[in-house]
Structures are given as structure tokens and as C-alpha cells.
Amino acid sequence: MNKRTFGAMVLSLAILGLSSSGQESKELPLTLEDSIVKALKNNLDVAAEVISPELAGATLSQAKQIYMPTLQFGFTGNRYEAPATWSLQNSGSYVQDYTDSNVSLVQQIPFGGSLSAGMDYNWTRNNQLFQNYNPIYQSGLTFVLTQPLLRNFGWKVSRKQIIVAQNSLDISRSQFKTTLITTVYNVEAAYWNLVYSIENLKALRQSLDLGRDLLAKTKKEVEVGQKAPIEVLNAEASVARREADILQAEAMVRRSRDQLGVLLNLGADPEAKGRLVVPTDTPTLKPLQITFEEALQRAMARRPELEASRYAIDTKHLNFSVARNELLPQLDLKLTKGSPGVAGDQILYQDNNPFLPPIGVIKGSATQAFHDTFAFLYNNWTVGLTLSIPFGDMVGRANYAYARLDLEQSQARLKSQEQQITLEVSDAVLTLETAAKSVDAYRVAREYAEKQLEAEMKKLNVGLSTNYFVLTYQDALSSARSLELKALVDYNVAMANIAKVTGTTLETRNITLSDYIK
């Protein structure tokens, strides 16, 4: 071997090494579990649907604000000055200084009413004659209970917005479960379909190699006169057909890879962008014994679609109850309890005659007014009932009729949904059983095809067969291998579908909503 030849070989090996290295760098090996993790992290449907529970949670927080107490403060300052207009005022100008401050706490109560507690304090000073106190300190403590007794009365009626918001949150969480389950199933199906398309392409290439080998062997035999030229034509036709099959199989691989790539949203992953997904898991036959009754029981208890429908029916029930309550007369109870307190600088008159000049002042303070207020020295209360009876309440009756029909419609839809799920479960169990039997059947068929081809090759070698029969058995073996693999893939997809229709996908994959919803 001369130096030039040796150098060319080294250069060729280097180019092949770089090409192989570049090809490896463009591949993205993924297990099924890796694919599911990437999909749940990057899938656009998951990213969009995860926002819905957050929005529903915000709405629930807003609804709960109705039971948050409201604290109010108020202050007013006033000075009034005007010419004196009557005999009990000082000559010249009449002047009054006045301040008023208040604080109140209002709380909605669970049965539709409200409870408020308020504290008032005001201070008054003026230059008017014949007064017993000047300035005057007045305080007051007031409790007010307002409670509807018929319309708008009740725990559920008063908490309607909160209950509806909570049901909406539960519905959105159930819908998000559905999105996760559907995404996982779609990834599993796409992953195994990609595995099948890749392995099917390999099988077709092996078949093509066998056909080419037989074609080359036949050409040599024709050259030495051992076979007729027609045998070459048969072999060439078979090779051409297998080459066309490979083109279709390569297109299937690209489509399957694209479908899985869309589910994984590889464009959003910098590490995966521009790389070809290469599945590393192989389909296996893991026996799963489940009866229709067991599967149906799981589905009825765990399907998130049924959960969402039941939460929706709870809301319809509430709307119906509220609409029925709105037909009642309005009867409101109002109970008020007050405790005033008054103090100030007491002006003393001779012989208690205000027409005589003042002889002294006893100083007072606001503290005394507050003391009297909190001591409840004065018994002040008010009780009132207000009754309103609507006549010809067409709007209320229309709302009641609508709520009743809406509830009945939702209940009918739930029954229809349960029937549809029953059909889905039955079909999924049957498909799983059929797929398990198909795996065994196609395995046996593939073993027989291998034996038939082996026997026919032996006959060809001793001149007892022709290329036509050998090529036919090669095609039969290729088809048998493809069908066996397809049956195995179908079985794994059927197992994923069982988890999907029974609502156990997340449980099986140890996926929890807390991983996505805070």
C-alpha cells in the first residue's frame, strides 16, 4: 500500500467519523418517560390550560371578599358664625364650633344579613346663652343587625357567589386533569407509532438488502447459464417495489417524528431544537388483566369529565334553589341597640335660674361621656319588621323556570356522558384483549414465515425452487415482522388508552396537580 492510498483511507475515515459524530449530535434519544415529562413541561395546550385554575382561584378570592369585614372612619369639622337673630343668642354674632368623628365595622353574616358596630363622638361649643353644658361631649355606641327572614335567607343563598366560584375552580381543575391525561395519552401513542415506523423502516431495508443479494446472485447464475433471464426480471421488480415501500416508510417516520415533536414542543427547548427524536424504549407485552366491570367502576369514579359535570350540576342546583327563594316575599328584621353618653363643662346658675348670671363651672371631659357609653347606662333599642309582597313577579317566575330546565338539561347530559364513557370503556377493554391475542398470533405467524423462507432458500439452493417463490416468502416474512411489531405497539397504546378511559393516567404516572397548580 503506497502513501497516497494510505492517506486517502485516513482522510475517508476522518470524514466518516466527523459525519457520524455530527449525526449523533443531531439525535435526541428519549425514553417514553422523558417524552411525557417534556410534553407536560412544554406542551402549548398544557401551558394554556394551566392558567384556567389560576383565573378561577382569583375569582374565588374575589367572591370571598363578601365576608371580609369593612372598617370605616369619618371625621367632620365645622365652624358656623352668623348674626344673632333671636333673644336667646348673644348680641352681635352667633358662633358655633363643631367636630364629629365616627368609626364603624360592618360584617356580612352567613345567613344573608349584616351586623354592624359603630362608635360616634362629637364635640360642640357655642356662645349661646342659657346653656347647661358648654362645650358638650357626646358619644354613642350602636349595634345594628339586619336579617332577611324569607327571601335572601339561608346559608347557600347568601354564599352563592362563593359556592359558584368554588365549583368553577373545581371544574377548571378537572378540565386541567383532562388536558394532562389527553396529553400523556397522545404522547404515548405518538411515541409508540414513531417506534413502529422506525422499526418498520428497518425491516423494509432488511428485506431490500435480501432482495438485492438475491438479485446479484441471480445475475451471476444467469451469466453462467444456471438460470433463465426471466429470474432477473422477477428479482428486479421485487427490489424496485421494496425501494418504493421504503420511500413510503421514510415519509411515515418523518410524519411520526413531527407529530411527537409538536406534542413535545421541541422548538421551545433550546437543547432539543433542531435535533431528531430517537426513541430508546421498545414495546413489550406486560399482561394487564382488567374486567369491564372493574374498568367501568374506575371510570365512573375518576373520569375528570364526570367530575366537571357533577360540579356544574351542583351549581345548577344552587341556581335553582336561589331562584325558588326569590319567589318568596321579602321580610326583613332590623334590630338596633344603642348606648349614648353625654358630658361637658356644666355651667352653674344661682338658684338654678339660667336667667341669672353664672356663678361657676364644673369641668367635664370626653372620658366621662365614653365611660357612660360603655357602661350602657341608658337602655335604647329598636326592633322593626318590613314585609314586601310582590304581585305578578313575572321575572322571578321566569328565572325559576329557566333554572329548573337548566338543571334538568344538565342531569340529562350527565346521563348521556355516562353512557358514552361506558361505551368507551367497553371498546377499550375489548381492544386491549384483542391486542393481547394479536401479539401472540402474529408472533406465531412470524415464526412460521421465518421457517417457510428458510425452507424455500434450501430448495432454491438445490434447484427445487425459483426466485419468485423466495421473493414471495421474503415479502411474507417482512409483512409478518411488521404486523407483529404493529400488534405489540397497538397493545401498548391500548394499555395507555385503558388508563385514559378509566381516568387513572395521572395516578399511574405519579403526576399530581400540585406540580402545576399552586
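The values are calculated or read from the model by the stated rules, or taken from the named source; none is laboratory data. Remember, it's a predicted structure, so these values are computed and weren't measured experimentally. Using ideal geometry, Cβ is built from the backbone for each residue, glycine included, and neighbour counts are taken over all protein chains shown.
I need the full set of residues from the range 435-462 which are surrounded by fewer than 15 Cβ atoms within 10 Å (Cβ to Cβ) and closer than 16 Å to Leu214 by Cα, in order please.
Glu454, Ala455, Lys458, Lys459, Asn461, Val462
Which residues, taken from the range 111-152, are aromatic (Phe, Trp, Tyr) and either at pLDDT 90 or above or not in a loop (DSSP other than H, G, I, E, B) (or both)?
Selection gives Tyr121, Trp123, Tyr133, Tyr137, Phe143.
Please state which of the following conditions Gly392 fails to meet, knowing it meets all the rest: (1) among the small types (Gly, Ala, Ser); (2) touching an Asp or Glu at 6+ places or on another chain (Cβ under 9 Å); (3) within 30 Å of Leu331 (Cα to Cα); (4) outside any helix (DSSP H, G or I).
(2)
Just the residues that are under 60 Å from the mean Cα position of the chain (by Cα) and not in a loop (DSSP other than H, G, I, E, B), please, taken from the range 340-377.
Scanning the range 340-377 gives Pro340, Gly341, Ala366, Thr367, Ala369, Phe370, His371, Asp372, Thr373, Phe374.
Report the residue count in the range 248-275 for those that are under 30 Å from Leu208 (Cα atoms) and modelled with pLDDT of 85 or more.
Residues that pass the stated criteria total 14.
What pairs can you find where one residue is in the range 169-191 and acidic (Asp, Glu), the other is in a helix (DSSP H, G or I), and their Cβ atoms are less than 8 Å apart, with a gap of 6+ or different chains?
Listed by first residue and then by second, the contacts come to Asp170/Glu307; Asp170/Ala308; Asp170/Tyr311; Glu188/Leu32; Glu188/Ile36; Glu188/Asn492; Glu188/Val493; Glu188/Ala496.
Which of the residues spanning the range 463-514 are basic (Lys, Arg) and either buried (at least 22 other Cβ atoms within 10 Å of the Cβ) or modelled with pLDDT under 80 (or both)?
Correct list: Arg481, Lys500.
Would you be able to tell me the number of residues in the range 435-471 that are over 17 Å from Ser207 (Cα atoms), touching a helix residue (DSSP H, G or I) at 6+ places or on another chain (Cβ under 7 Å) and either not aliphatic (A, V, I, L, M) or not in a helix (DSSP H, G or I) (or both)?
Selection size over the range 435-471: 5.
Are there any pairs, at least 6 apart or on different chains, whose C-beta atoms fall under 7 Å, with the first in the range 220-247 and farther than 15 Å from Arg205 by Cα and the second aromatic (Phe, Trp, Tyr), and if so, which?
Asn234/Tyr468
To keep it simple, each residue is scored yes or no on (1) loosely packed, with under 14 Cβ neighbours inside 10 Å; (2) of a type in the set (S, T, N, Q); (3) on the phi > 0 side of the Ramachandran plot.
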site: Arg302; (1), (2), (3): no, no, no
site: Ser309; (1), (2), (3): no, yes, no
site: Gln330; (1), (2), (3): no, yes, no
site: Leu385; (1), (2), (3): yes, no, no
site: Ile389; (1), (2), (3): yes, no, no
site: Asn399; (1), (2), (3): no, yes, no
site: Ala412; (1), (2), (3): yes, no, no
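Within the group Leu407, Leu423, Leu414, Leu432, which residue is assigned to a helix (DSSP H, G or I), free of Cβ contacts under 8 Å to residues at least 12 places away in the same chain and under 23 Å from Pro304 (Cβ atoms)?
Step by step, each of Leu407, Leu423, Leu414, Leu432 is checked, and only Leu423 is assigned to a helix (DSSP H, G or I), free of Cβ contacts under 8 Å to residues at least 12 places away in the same chain and under 23 Å from Pro304 (Cβ atoms).
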